[in-house]
Amino acid sequence: NKPLVEVDKEILDLMNLEKKRQFEGLELIASENFTSRAVMEAIGSHFTNKYAEGYPGERYYGGSEVVDVLEKLCQKRALEAFQLDNTKWGCNVQPYSGSPANMAVYTGLLKPHDRLMGLDLPSGGHLTHGYQTATKKISASSIFFESMPYQIGADGIINYDRLEENAMLFKPKLIIAGGSAYPREWDYKRMRQIADKVGALLMCDMAHYAGLVSAKLLDSPFEYCDVVTTTTHKTLRGPRSGLIFFRKGVKSVDANGKQEMYDYEQRINFAVFPSLQGGPHENVIAGVAVALKEANTPEYVEYAKQVKLNAAAVGKALMDKGYKLVTNGTDNHLILWDLRPQDITGSKFEKACDHAGITVNKNAVVGDTSALSPGGVRIGAPALTSRGLKEQDFIKIAEFLERILKICLEIQGRVGKKLKEFVDELSKSQELKDLKVEVE
Ligand code: PLP
């Protein structure tokens with residue numbers, strides 16, 4: 001059995017290049033993080049070789065006695081990480097990632113063409129929350145289900161009154177809380193009231209901020225939701241995977257003492273396997289189990305606190321310099337910087353940052369008309385906080401970002417608004433190259 005260096009030098013070189021890129025640059029993408037060595041070891045383990053279609057105790061393959069223990073342990077840790085009572089909540093740990101987890105909820109709990117309402121993508125929602133444009137259904141969640149997204153208001157905050165009005169008209173079967181680029185706390189209580197008023201289920205996709213929920217630094221969606229999904233690789237700092245939490249046990253008791261039980265467990269498990277997926281990636285489940293164990297430590301809570309402090313610090317530093325953030329700040333791990341007052345697109349700023357070794361992503365800001373050339377950037381603290389950066393470092397980052405912005409404005413002033421000319425000039429800019437920042 002030969003090592004990678006002998007079998008495939010080409011791939012090894014790419015691995016090393018990517019490692020160098022990750023470690024030499026400043027990673028500010030809000031959905032990324034650096035997993036621990038322990039998590040990496042689990043993903044690269046012999047669990048990679050095992051087929052285990054089915055669930056613990058009821059597999060379609062022999063030799064599953066070890067993965068059965070693994071999967072049950074992962075489920076137990078998932079409930080513990082979110083302080084959930086195992087008589088009231090269950091967890092499916094098999095979804096391959098966040099998108100399949102969401103599709104499994106819709107497949108299990110809805111009928112084809114049932115109606116759902118999630119936060120619109122340009123308002124900070126995710127593709128899988130029913131994204132469609134005026135002319136095209138984009139996500140399978142809008143192709144196979146009828147979607148009517150809700151939006152943020154002019155202040156960047158979710159317009160719950162409008163959501164309620166539209167829900168009364170649209171009568172969705174499912175309302176989805178949670179998003180990918182929303183810097184504020186969610187009003188789950190209000191969303192529950194709206195869901196109850198129209199007879200809808202309430203789901204939360206806490207993929208982005210699950211780690212902050214686990215550390216009790218954000219409101220818990222579990223109090224009000226029927227189902228909660230998450231990815232495991234963002235704030236949670238695990239491998240790329242997905243989890244679905246569902247209520248179970250007694251749903252209600254009528255006047256005669258007759259109990260009604262939740263049936264989400266059977267429906268969601270069936271949707272994950274056999275409806276949507278085949279064999280679970282047991283090596284990844286092992287990595288998720290390790291990450292969940294790590295998330296259940298005081299060190300992780302300290303990390304999550306620092307994530308919030310760092311996001312707030314870079315946000316405040318930018319605002320102190322006179323720049324505009326959507327909602328004027330953040331409650332969580334990310335900020336949305338509105339660059340329209342500076343007349344620079346998010347795409348141009350993202351490209352300029354790449355040249356300086358700073359990774360951010362362009363993002364729509366409230367009122368944007370083009371998703372391809374949006375007016376802002378999303379900046380997140382989870383990854384660099386994992387590398388030990390504190391508030392004063394994030395204040396420094398704000399200074400770097402301002403210098404990059406000034407270079408962009410200078411170039412745009414010279415060459416006009418054409419993207420190609422702008423990009424050509426960027427690659428020639430010595431000032432940007434000199435700015436290349438490295439973390440210890
Ligand atoms: N849900 C939310 C809120 C997300 O932000 C994302 C990814 O960015 C997903 C789901 C999808 O996760 P994945 O990319 O793992 O399919």
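Read phi for every residue in the stretch 187-203 and hand back ³J(HN,Hα) as whole Hz from Karplus 6.51 cos²θ - 1.76 cosθ + 1.60, θ = phi - 60°, with x for Gly and Pro.
Per residue, the Karplus-derived 3J(HN,Hα) values read 9, 5, 5, 4, 5, 5, 4, 5, 4, 5, 4, 10, x, 9, 7, 10, 10 Hz.
Scattering from the C-alpha atoms of the stretch 121-262 alone, worked out with Debye: what is log10 I(q)/I(0) at q = 0.09, 0.11 1/Å?
-0.30, -0.44
Order these peptides, 35-46, 418-429, 285-296, 301-312, by their mean beta-carbon neighbour count within 10 angstrom, highest first.
Sorting 35-46, 418-429, 285-296, 301-312 by mean packing, highest first, produces 285-296, 301-312, 35-46, 418-429.
Highest mean first, how do 169-182, 62-75, 240-253 rank when packing is the count of other Cβ atoms within 10 Å averaged over residues?
Ranked from most to least packed, the peptides come out as 169-182, 240-253, 62-75.
Please list, in order, the residues from the stretch 371-394 whose amide nitrogen is less than 17 Å from a point placed 7 Å along the Cα→Cβ vector of D343.
From the stretch 371-394, the list is 375-376.
For the stretch 219-377, how big is the tail of P(r) above 24 Å, as a whole percent of Cα pairs?
57
Rounded to the nearest 20 Debye, what is the dipole magnitude of the chain about its Cα centre when Lys and Arg each give +1 and Asp and Glu each give -1 at the C-beta?
460
Quick one: Karplus J couplings for the stretch 158-174, per residue in order, coefficients 6.51, -1.76, 1.60, θ = phi - 60°, nearest Hz, x for Gly and Pro?
4, 8, 5, 5, 5, 4, 5, 4, 5, 5, 5, 7, 7, 6, x, 8, 9
How high is the FRET efficiency between K428 and N256 when r is their beta carbon distance and R₀ equals 60 Å, given to the nearest 0.05?
0.15
Any lysines with Cα under 25 Å of the K417 Cα? List them, leaving off those in the same chain fewer than 8 positions away.
The qualifying lysines are K321, K324, K348, K351, K362, K406, K428, K433, K436.
When 1/r is averaged over all different Cα pairs and the result inverted, which Kirkwood radius in Å belongs to the stretch 295-440?
Value: 15.7 Å, from the Cα pair sum.
So what's the angle, to the nearest 10 degrees on a 0 to 90 scale, between helix 282-295 and the longest Cα principal axis of the chain?
For helix 282-295, the angle is close to 70 degrees.
By the gyration tensor of its Cα atoms, with a ≥ b ≥ c the square roots of the eigenvalues, what is the shape of the chain: rounded for a/c under 1.5, prolate for a/b over b/c, or oblate?
oblate
On a 0 to 90 degree scale, rounded to 10, what angle separates helix 98-109 from the longest Cα axis of the chain?
30
Considering only C-alpha atoms, what is the centroid distance from the stretch 396-440 to the stretch 336-350, in Å?
What the calculation gives is 13 Å, centre to centre.
Obtain the nm distance between the two label points defined at I138 and E65 by a simple spin-label model: each point lies 7 Å from its Cα along the Cα-to-C-beta direction.
Result for the modelled spin labels: 5.0 nm.
Sort 404-410, 375-381 for me by packing, meaning the mean count of neighbouring Cβ atoms within 10 Å per residue, highest on top.
375-381, 404-410
Could you tell me the convex hull volume per residue, in Å³, taken over the Cα atoms of the stretch 377-440?
Output value, Cα hull per residue: 99 Å³.
For E146, list long-range residues whose amide hydrogen, built 1.01 Å from N in the peptide plane, is under 5 Å from its own amide hydrogen.
Amide H neighbours of E146: H113, D114, R115, L116.
Each label point is 7 Å from the Cα along the Cα-to-Cβ direction; what then is the distance between the points at Q392 and S36, in nm?
Each label point lies 7 Å from its Cα, and together they span 2.8 nm.
Using the basic label-point model (7 angstrom from Cα toward the beta carbon), what is the H46 to L4 distance in nanometres?
Label-label distance for H46 and L4, simple model: 2.1 nm.
Hey, what D do you get for the stretch 43-173 in µm²/s if you plug the Kirkwood alpha-carbon radius into Stokes-Einstein at 10 °C and 1.306 mPa s?
For the chosen part, D equals 91 µm²/s.
Could you list which residues have their amide H under 5 Å from that of G238, counting only those 5 or more apart in sequence or on another chain, with H placed in the peptide plane?
For G238, whose amide H was placed from the backbone, the distant partners under 5 Å are H233.
Please go through the stretch 22-82 and write out the chymotrypsin sites (Phe, Trp or Tyr not before Pro) that DSSP classes as loop and that have at most 12 other C-beta atoms within 10 Å.
Those satisfying the criteria are Y61.
Starting from the Kirkwood Rh over alpha-carbon pairs, what translational D in µm² s⁻¹ does the stretch 126-203 have by Stokes-Einstein at 25 °C and 0.890 mPa s?
Taking Rh from Cα pairs, D becomes 188 µm²/s.
DSSP beta bridges in the chain, what fraction antiparallel, as a percent rounded to 5?
Of those bridges, close to 65 percent are antiparallel.
When N is the residue count of the stretch 319-383, what does its C-alpha Rg come to as a fraction of 2.2 N^0.38 Å?
Normalised Rg, Cα atoms only: 1.05.
Once you wrap a convex hull around the alpha carbon atoms of the stretch 1-117, what is its projected area averaged over all directions, in nm²?
Here the figure is 12.2 nm², rounded to one decimal.
Amide H of I158 versus every other amide H placed in the peptide plane: which residues, excluding those fewer than 5 positions away on the same chain, fall under 5 Å?
Amide H to amide H, under 5 Å and 5 or more residues apart or across chains, I158 pairs with G153.
Any idea how far the Cα center of the stretch 258-329 sits from the one of the stretch 156-212, in Å?
Centre-to-centre distance over Cα atoms comes out at 17 Å.
Given the alpha-carbon gyration tensor of the stretch 217-281, what are the semi-axes of its equivalent ellipsoid in whole angstrom, ordered largest first, with each equal to the square root of 5 times an eigenvalue?
Computed over the stretch 217-281, the values are 28, 19, 6 Å.
Between Q83 and E58, what's the calculated FRET efficiency when r is the beta-carbon distance and R0 is 30 Å? Round to 0.05.
E between Q83 and E58, to the nearest 0.05, is 0.60.
Output wanted: per-residue J couplings in Hz (rounded whole) for the stretch 29-38, from phi through Karplus 6.51 cos²θ - 1.76 cosθ + 1.60, θ = phi - 60°, x for Gly and Pro.
Karplus values, whole Hz, x for Gly and Pro: 6, 5, 9, 10, 7, 10, 6, 7, 4, 4.
Where a number appears in this text, it was derived from the coordinates with a stated rule and is not lab data. It should be emphasised that the depicted structure is a prediction, and the values quoted were computed from it without experimental measurement. Neighbour counts are summed over all protein chains in view; Cβ atoms, including those assigned to glycine, are modelled from backbone coordinates with ideal geometry.
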